[in-house]
Structure formats: C-alpha cells, structure tokens
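Beneath this line is the structure, given in structure tokens, with notes to follow.
The values are calculated or read from the model by the stated rules, or taken from the named source; none is laboratory data. Since we're looking at a predicted model, the values are computed, not measured. Neighbour counts are summed over all protein chains in view; Cβ atoms, including those assigned to glycine, are modelled from backbone coordinates with ideal geometry.
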Amino acid sequence: MTRATKSKPSQAPTVPAIPPADVLGRLAALKTARIPDLKQQWRDLFAAEPPPYNRRFLESRLSYRIQELAYGGLKPETVARLEALGEQLDGGNPVLRRIRGDDMPIAGTRLVREYQGVAHSVTVLREGFEFEGRPYQSLSAIARAITGTRWNGWLFFGLKNRRAAA
C-alpha cells in the first residue's frame, strides 16, 4: 500500500511582526549591537542576506524596517509617486538604476586605505569623491595621487570584488 503525500505549496519566508511597544528599545539597541548581530537582524527582518555596506547603512535600514513592521509601510500612492519620481531621474532605464544602486558607495561613506604606512581617507560624495580637501571624479585619480602610478581605484580601495564577498 502506498501513501500519497501532498506537497505543501512553497511559501515566502515570514518576517515577524514587531509590537509597537518594542520599537524604541529595538532602535536604541541597534547603536550598540555588533556588526554580526546587525547582519543577523537583517536576515531575520528582511529574509535575505545583508548587503556589504557600512554599519551606518545597516542601522538606518534596520531602523526603518523595524518601524515598518510595527506601524506599517508606505501607502501605495506614496510608492507610486516615488517610482514616478525615480523614472524622471533615470528615464526608467534599469541599467542606470542598477549602476547607481549597486556600484557607487553611499554618499558620506569614508574609504580608508593604508599605503606605505600612511592611512589615506576618502569621502564619497553624491557626485565623486573628496581626498585631502579636494574633489575628484574617480577613485583611480585618487589612487594615482597616493601611489604615483596608475591603479584601478575600485581595486585599490577594496571595492572591486565586494559582490563576491557578499
């Protein structure tokens, strides 16, 4: 005698609801949490792997997500308006949207690279980079200023293979 088994339909991972009374405590705890703990919270709250961005980004997005799960997300009208504004910016070109979202570090991010015993700090701007008080259009130009030779700036600052590390 064989038994027919019913297969359960695949379900999207469920994300726990957050009681509104817990929001303030959870938001305050983000500031003192270790990076591995923030990444685990990301996995729990987004049901996905965390992106390879800095602590500030993780805290910001987790803060929003905690509030979103407790109080609800954006209204559909707001989402539609934001999408329309985004299309005005990039003309609805998903390639531009991907480049802007994935390849450029978030404005305000500090990139630090030690070279020949000296730590060099670069700040990411909305349009380019700042190094030693001067604006630069590319990380390669900054790497050249530091080393005196031609470098791929993304590789020099350790950003080239960040997708592989994610």
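One line per residue, one yes/no per condition, for (1) at pLDDT below 75; (2) more than 19 Å from Arg56 (Cα to Cα); (3) of a type outside the set (Asp, Glu):
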| site | (1), (2), (3) |
| --- | --- |
| Ala80 | no, yes, yes |
| Gly91 | yes, yes, yes |
| Arg98 | yes, yes, yes |
| Arg110 | no, no, yes |
| Glu114 | no, yes, no |
| Val118 | no, yes, yes |
| Thr123 | no, no, yes |
| Arg126 | no, no, yes |
| Glu132 | no, yes, no |
Scanning for something modelled with pLDDT of 85 or more, surrounded by 12 or more Cβ atoms within 10 Å (Cβ to Cβ), of a type outside the set (Gly, Ala, Ser) and within 16 Å of Asn54 (Cβ to Cβ), does the range 140-149 turn up at least one residue?
no
Could you please give the count of residues in the range 29-50 that are surrounded by fewer than 17 Cβ atoms within 10 Å (Cβ to Cβ) and either free of Cβ contacts under 8 Å to residues at least 12 places away in the same chain or not in a helix (DSSP H, G or I) (or both)?
11
